[in-house]
Structures are given as C-alpha cells and as structure tokens.
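Here is the structure we will look at.
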Amino acid sequence: MSLVSTVTVKVPATTANLGPGFDCIGAALKLYNEFKFTCLATGGLIIQVSGAEAEKVQTDESNLLYQAFVKLYQYIDQTPPPVKIEIKLGVRLARGLGSSATAIVGGLVAANQLAGSPLSELQVMELAIAMEGHPDNVVPALLGGCRLAATSQTGWEICDITWHRHIVPVVAIPDFELSTSEARRVLPTEVSRADAIFNIAHFGLLLRGLATNQEEWLKAALQDKLHQPYRQALIPGYDDVAAAAVAAGAYGMVISGAGPTLLALTDTTHTYGVVTAMSNAWKQAGIKSTVRSLALDTQGATIL
C-alpha cells in the first residue's frame, strides 16, 4: 500500500458521565478540533496552533497529540517520521469537553493513516483507552454517537446507545478551567452499598430515558451519588445554573466530564429558553460563559 504524506483529522468534542454513568458513557458533540499532519523530508517536529487558547498548547514533544502520534509508531515498531502538525482548536481546554481525548484520537488516527493503516479501528480504540485511562471520552470521539464501554474477559465491549432525536444537549462553558486531576482528587476512595445501588438504578433509567425521551425518567435519571456531589463545590454558581436550567424546561443538569462545563438535557421546544437561562444565571454570578445547544455527532473522528 502506498503511503500518504499528509492527513487531516477532525475529531469531535465529547461529554462524559451524563450524571450516573461515571467513567463508562460519553457522547460525541458537533464541536471539533482539527489536526493536519505533514511528513517532512528532514528535521524534527513543528507544531503550529490556531484558535481560542492556542497559546496554552505545548509545541514541543510533550504535546499530547504528538505523544499519541508517536505511541502508534512505537506500537507497530516503527520510527515516527519528522512531521509538521497544524492544530485548529474549536474545543476549549480543561473544560470537561474531551479536549485531551481529541488529541489522543487525532494523533493515533493520523499516525495509522500515514503508516498505511496497519491497525484496525478496534486496535486504535484500545490504544486510545490505554492512553486516556478510561473509555468515556475517547470511544465516542473515535466512533461518534453515544457509547457505553465495559470490560469483558477478552477486552472491551462497546455498546451504541440510542439517543432520541428530540433530546438536545446544552453546554454551558465557563471562562475558567478545572483540571481532571483536581476533579478526581475530591472523590472518595470508597462508596457505600446504598450509593452504588442508587447509581445502578439511575443509570439503567438514563439509558431508557435517552432512548424514549420519557420526561419523568430523564428528570430522575440524571441524579448521581458517585462524583457530582463532590465536584459541585469546585464550580461556582452550580446550584444557580442548575435551578435556572430546570425552571426553563430542562430535564436536569449534570457536570460534563470532570467539569467545569455544565450539561443540560432538554427538548427541542425549550432549547432557547434553557440556553438563555443558564447564560443569565452565570452572568448574575459574575462568571463569563458561552452557552450553546449542540447536536450529537454520529461520525466520530473523520479523515478529511
């Protein structure tokens, strides 16, 4: 197979956990990072970044996108080529929208393409999960849609979760960051049996609610006792934004990934009101934010 010398990969943002689905479920959203890789005849590494917060992205070998690129070549026992990487940012950093997952998936997919596609999609996915440490963001970033991931005796089982066409995700992205490591530090190392049972029940209800758009099921299903009660204190104005979203017609509100972005689920009738209410609530709390409704991305990582 002849090798290509340039490849551009577009990878969607993701929202993970969806309340009770801690570390196992995520959905791809129509918000993207774009990565262009060009093999060089000589030299080493060139990284150019454009878009919001471009100055925060590392442009040396510590760059996560490049580390994923190298990881795949190491896996197939080849030396990575000198490369120029052009990054166009559309997903805010450290906001709970899977920016690190876009980098991991983008680097692996690009390397696989440039190397002549030696790995299957499943192998690329397994490498992505190993790099990220959990599947909830990287799986939908790679495959698209809403995905549930569970381990089996032989690896990973990935389940496509039905998302009713009238359920609209609304993301409220504040103008401050929250690192995943900080959000994990506040979590307890053990949970009670009662809390485990609570989450099992509500996660099952969430899956049925997403498939049917049954209002009462979704209102109950978004509750969680494993991570959100501990992380809410890290997000100023959380209670006010949640109350405003529900009052405007949202089924409920959860933390997107590790936060600080907040995710409300609503229907097509109430979308505008929920967007406006969440924006105003954070504005009244003195916090700048970007609030927008997004559609589900069903393609995942795509080679342009």
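The values are calculated or read from the model by the stated rules, or taken from the named source; none is laboratory data. Given the structure is predicted, the values throughout are model-derived calculations rather than measurements. Cβ atoms come from the backbone with ideal geometry, glycine included; neighbour counts cover every protein chain shown. Just so you know, the surface numbers come from the protein's heavy atoms only, side chains and all, with ligands and any DNA or RNA stripped out. Shrake-Rupley method; radii C 1.70, N 1.55, O 1.52, S 1.80 Å.
Based on this model, can you work out whether L114 counts as touching a residue at least 60 places away in the same chain (Cβ under 8 Å), surrounded by 22 or more Cβ atoms within 10 Å (Cβ to Cβ) and over 19 Å from the mean Cα position of the chain (by Cα)?
Taking the combined requirement at face value, the residue satisfies it.
Among the helices (runs of 4 or more DSSP H) contained in segment 212-285, which hold 3 or more residues that are open to solvent by 20 Å² or more (accessible area, probe 1.4 Å) and more than 20 Å from G26 (Cβ to Cβ)?
215-221, 238-247, 271-284
Looking only at segment 170-200, filter to residues that are part of a helix (DSSP H, G or I) and β-branched (V, I, T); which one of those is least open to solvent (accessible area, probe 1.4 Å)?
Among residues in segment 170-200 that are part of a helix (DSSP H, G or I) and β-branched (V, I, T), the one least open to solvent (accessible area, probe 1.4 Å) is T180.
Among all residue pairs at least 6 apart or on different chains, which show Cβ distances below 7 Å where the first residue, located in segment 233-258, is under 15 Å from S279 (Cα atoms) and at pLDDT below 95 and the second is among the charged types (D, E, K, R) and open to solvent by less than 20 Å² (accessible area, probe 1.4 Å)?
none
Can you find a residue in segment 64-87 that is among the polar types (S, T, N, Q) and in contact with a strand residue (DSSP E or B) (Cβ under 9 Å, 6 or more places away or on another chain)?
Within segment 64-87, none of the residues are among the polar types (S, T, N, Q) and in contact with a strand residue (DSSP E or B) (Cβ under 9 Å, 6 or more places away or on another chain).
Of the residues that make up segment 72-83, is at least one at positive phi, among the acidic types (D, E) and open to solvent by 50 Å² or more (accessible area, probe 1.4 Å)? Talk me through it step by step, then tell me what you get.
Keep residues of segment 72-83 that are at positive phi, which gives 77.
Now drop any that are not among the acidic types (D, E), which leaves 77.
With open to solvent by 50 Å² or more (accessible area, probe 1.4 Å) added as a condition, the list becomes 77.
For segment 72-83, residues at positive phi, among the acidic types (D, E) and open to solvent by 50 Å² or more (accessible area, probe 1.4 Å): present.
Quick one: L89 ticks every box in (1) out of contact with any Cys (no Cβ under 8 Å at 6 or more places or on another chain); (2) surrounded by 18 or more Cβ atoms within 10 Å (Cβ to Cβ); (3) under 30 Å from P188 (Cα atoms) except a single one, so which number is it?
(3)
Any residue in segment 120-132 that's at pLDDT below 95: show its pairings with residues that are among the basic types (K, R) at Cβ separation under 9 Å, as long as the two are six or more apart or on different chains.
Going by the 9 Å Cβ cut-off, there are no qualifying pairs.
Filter segment 92-104 down to the residues that are more than 18 Å from L294 (Cβ to Cβ) and either hydroxyl-bearing (S, T, Y) or touching a residue at least 60 places away in the same chain (Cβ under 8 Å) (or both), then identify the one that is surrounded by the most Cβ atoms within 10 Å (Cβ to Cβ).
If we take residues in segment 92-104 being more than 18 Å from L294 (Cβ to Cβ) and either hydroxyl-bearing (S, T, Y) or touching a residue at least 60 places away in the same chain (Cβ under 8 Å) (or both), then A103 is surrounded by the most Cβ atoms within 10 Å (Cβ to Cβ).
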